[in-house]
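The values are calculated or read from the model by the stated rules, or taken from the named source; none is laboratory data. Since the model is a prediction, treat every value here as computed from it, not as a measurement. Note that each Cβ is placed from the backbone with ideal geometry, even for glycine, and that neighbours are counted across all protein chains shown.
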Amino acid sequence: MDKIKKLLDLKQFSAAIVAIDQITPCGALEEAELCLLRTQAMLAVGDYCDSYLNRALGILRPLGDIPLFALSKYLKACVEFASGEVLEAQESALESYVYHKRTDDFGGMGRASNLKSRIAFQVGDFSQFYRFANISIECYKRVANVEQVAVAYSNIAMCDILRGCLQSANTAVGVIEKDYFKILADSYKYNYYHICAILQSLLGYEIKALGILEKAEALPKDLLRERCRHYEISGYVYMLSGDYAKAKKYLLDGIELADTMVVPVKALYSQMYRLFGDVHVLTQEWKIAEKYADDALKVAIEINERLEIAACYRILAQVANHSGDENQARENYKEAIDLFNKIEARYELAITRYLAATSKLYSDGERHAMLYLAREYFVSEEVLHYVEKVDEELKRIPAHLTKAASNGNGCPKIITASPKMKMIVALAEHIAHSEMTVLLTGATGTGKDLLARYVHYHSGRTGEFVSVNSAAIPHDMIESELFGYKKGAFTGAVDERPGLFEQAEGGTFYLNEIADATMEFQAKLLEVLEMRQIRRLGENKMRPVSFRLIAATNHDLVERIRENKFRADLYHRLKQVPIHIPPLNERPEDIEPLVDQFLQALGCTGPTVEIARLLAKCPWPGNVRELQSEVNHLWLVSGGNLEKMAKLMSSTDVESECRQLMSALDATGWNRRDTARQLNISEATVRYRIKKFGILEPVLS
């Protein structure tokens, strides 16, 4: 038995199977262990057989051998996962983890966690992937299994690539190369080379990528699963490099090799069929592309591989567009973009937006928004060859879409010197002409309302800007307020009245505090966004509505979803263009121009630099709104005298002043009026100094 385990440790799987066949088991327990060892070896060479595993489970279940039963559950999860039974694999992997934990088997816990991370990776649940991958790393470190730590880091690098975090993946690859590569077995070296080749291809370094593939080509060819994956990656890299003939050859070789496996790996079929469809789109062989995309989509849906599902819809969109079915093409692009957005696969999302923008299916405004969003991603990850492509397309956009609206037409003025805010303002201008929904997030007082109006005024829309506080509509008035009503629809409906959705016709519907909306409100909003129709209370006919939706919140909607207080489907529908406005303490460059603007609005004509410099020392938890309020207050207290304002804010002994203030606050129980009397200063000065020193009021228990 020890000889067999040693062969498995040395990755000599075929030799291990031969050795197992030569042993006659002594008793049921030894038979079960041999069945499990054989299953391990067969899994490694891509040859799965349920009969040995089921025999082991049948023996172990009544015996109560926890370590072997935990191992059998892990192997069962591996077979289920490879066969596309994702839910069953998740359950078996969890059972394996629990049984291993009973005996403090950290190696087994790491193995089960690693498998759960791979399952999460396949279904596009990247947050769960990182969680389980990090658990597996900690477990493997406890038992000093350095090779498996390296494998887990490799998996994280691959996940970074699929999420589009290319620079992060590049860093991870460098760590693996420096600290772990020498200890990797051949099967894991395949994975490492594949990660490196994909990464270099996506960054546009095709020669480097092909050189890396040559290193993988020299690895042993008896590892069927790794070899099949090698053909898939080679096909992908050659496709990206423009050598479509070689791409097709490698992908066909991979499909043929997958057919020889006793139990096929469905994920490999899904990926290779889809890539084969992509290649035939590039060679304009549309019928073949459609066939393989359809086949890939069926497999991807069966195993819930969401990234592949989205990629298949992208192929089908291009096929439908070529055949002249524009409605179907737009629908397929929408499916692809929504799903890539949902799983946060940023690279694929940017590519899909670029393809959609160049498809001639969309208006100039939509094209401009999609190209700008794609460009923003490509620049952030230094995918420079695509930055050039996008810039070429942007040059074809009519000039009027790239010009800002004039402040003379009522457009709000955004004052900023911060690079972060300048990027946000530019994004707002570039997506303004599209139909995309916008989700504004940020702390109270950061300027979400102002930015929403800014987008509306740059959109060229002739309809109204209808602003609604989601939490302010009474529960029993949701339908009448949103949809309107017909005369006589209910008691008190003495006249016909259009709802808020109709009032926003041709304009912008701005929903503030969307996180506080009731679940009923959320359901009705989602229905309107999907159908683009409403029905007034008391009427039977449907009325079409056309408006641009902007939503805003200062809450974490992902956390609200976890608490079952916000609909996940509505969240993904809202965040077509997510914009986070940073707090004022992350953009201190804005304080001086903001203070100058606020003082000018109050009629100040003198220099404001000193006032701004003093105000910049405060933390401003209430952000721009609090800053404006404080400037207004100081102006009133000082009678509009800048010298008095500066004197009020200055102190020759800051430390002493702070201690004195804290002592007085404690003595008066944080009564600001009594504190002001004790220190012989105004209450306004007390209030200002609390902010100036960043003093936090104690929380009462």
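List of remarks:
- From 350, 369, 345, residue being surrounded by 19 or more Cβ atoms within 10 Å (Cβ to Cβ) and modelled with pLDDT of 95 or more: 350
- Filter result for residue 99 (surrounded by 20 or more Cβ atoms within 10 Å (Cβ to Cβ), of a type in the set (Ser, Thr, Tyr) and more than 26 Å from residue 209 (Cβ to Cβ)): yes
- Note on segment 477-522: residues that are under 25 Å from residue 565 (Cα atoms) and surrounded by 14 or more Cβ atoms within 10 Å (Cβ to Cβ) amount to 20.
- The combined condition, being touching a Lys or Arg at 6+ places or on another chain (Cβ under 7 Å), among the basic types (Lys, Arg) and not assigned by TED's automatic domain parsing to the domain that holds residue 421, is fulfilled by residue 587.
- Some residue of segment 526-535 being in contact (Cβ under 8 Å) with a residue 60 or more places away in the chain and aliphatic (A, V, I, L, M): yes
- From 144, 133, residue being hydrophobic (A, V, I, L, M, F, W, C) and in a loop (DSSP other than H, G, I, E, B): 144
- Candidates in segment 645-654 are the residues that are in a loop (DSSP other than H, G, I, E, B) and not acidic (Asp, Glu); of these, the one that is modelled with the highest pLDDT is 650.
- Residue 101 charged (D, E, K, R), in a helix (DSSP H, G or I), modelled with pLDDT of 90 or more and more than 30 Å from residue 202 (Cβ to Cβ): yes
- Considering (1) surrounded by fewer than 18 Cβ atoms within 10 Å (Cβ to Cβ); (2) without any contact (Cβ under 8 Å) to a residue 60 or more places away in the chain, the lone condition that residue 204 does not fulfil carries the number (2).
- Residues of segment 277-303 that turn out to be surrounded by fewer than 21 Cβ atoms within 10 Å (Cβ to Cβ), on the phi < 0 side of the Ramachandran plot and either of a type in the set (A, V, I, L, M, F, W, C) or not in a helix (DSSP H, G or I) (or both), as a count: 6
- Some residue of segment 221-236 being without any contact (Cβ under 8 Å) to a residue 24 or more places away in the chain, closer than 28 Å to residue 383 by Cβ and of a type in the set (Phe, Trp, Tyr): no
- Residue within segment 64-80 that is over 35 Å from the mean Cα position of the chain (by Cα) and in contact (Cβ under 8 Å) with a residue 60 or more places away in the chain present: no
- Being more than 17 Å from residue 159 (Cβ to Cβ) and modelled with pLDDT under 95 is a property that residue 301 has.
- Residue in segment 358-365 that is modelled with pLDDT of 90 or more and assigned to a helix (DSSP H, G or I) present: no
- When residue 623 is tested against (1) assigned by TED's automatic domain parsing to the domain that holds residue 505; (2) under 30 Å from residue 504 (Cα atoms), only condition (1) is not met.
- Any hit, segment 574-586, residues being of a type in the set (Asp, Glu) and modelled with pLDDT under 90: no
- Which numbered condition residue 610 fails, given (1) over 27 Å from residue 517 (Cβ atoms); (2) exposed (fewer than 15 other Cβ atoms within 10 Å of the Cβ); (3) in contact (Cβ under 8 Å) with a residue 12 or more places away in the chain: (2)
Residue-by-condition table, conditions (1) more than 27 Å from residue 414 (Cβ to Cβ); (2) part of a loop (DSSP other than H, G, I, E, B); (3) touching a Cys at 6+ places or on another chain (Cβ under 7 Å); (4) touching a residue at least 24 places away in the same chain (Cβ under 8 Å):
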site: 603; (1), (2), (3), (4): no, yes, no, yes
site: 618; (1), (2), (3), (4): no, yes, no, yes
site: 632; (1), (2), (3), (4): no, no, no, yes
site: 643; (1), (2), (3), (4): yes, no, no, no
site: 661; (1), (2), (3), (4): yes, no, no, yes
site: 664; (1), (2), (3), (4): yes, no, no, no
site: 681; (1), (2), (3), (4): yes, yes, no, no
site: 685; (1), (2), (3), (4): yes, no, no, yes
site: 688; (1), (2), (3), (4): no, no, no, yes
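- Any hit, segment 315-333, residues being over 20 Å from residue 240 (Cα atoms) and aliphatic (A, V, I, L, M): yes
Each row is one residue, and each column tells you yes or no for (1) more than 23 Å from residue 435 (Cα to Cα); (2) buried (at least 22 other Cβ atoms within 10 Å of the Cβ); (3) among the small types (Gly, Ala, Ser).
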{"site": "533", "(1), (2), (3)": "no, no, no"}
{"site": "539", "(1), (2), (3)": "yes, no, no"}
{"site": "547", "(1), (2), (3)": "no, yes, no"}
{"site": "550", "(1), (2), (3)": "no, yes, no"}
{"site": "554", "(1), (2), (3)": "yes, no, no"}
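- Residue check: residue 69 meets all listed conditions (1) surrounded by 19 or more Cβ atoms within 10 Å (Cβ to Cβ); (2) within 22 Å of residue 342 (Cβ to Cβ); (3) of a type outside the set (Ser, Thr, Tyr); (4) modelled with pLDDT under 90 but one, namely (2).
- Segment 215-239, residues that are of a type in the set (A, V, I, L, M, F, W, C), over 18 Å from residue 285 (Cβ atoms) and touching a helix residue (DSSP H, G or I) at 6+ places or on another chain (Cβ under 7 Å): 216, 219, 223, 224, 228, 233, 237
- In this structure, residue 318 does not satisfy being surrounded by fewer than 23 Cβ atoms within 10 Å (Cβ to Cβ) and part of a helix (DSSP H, G or I).
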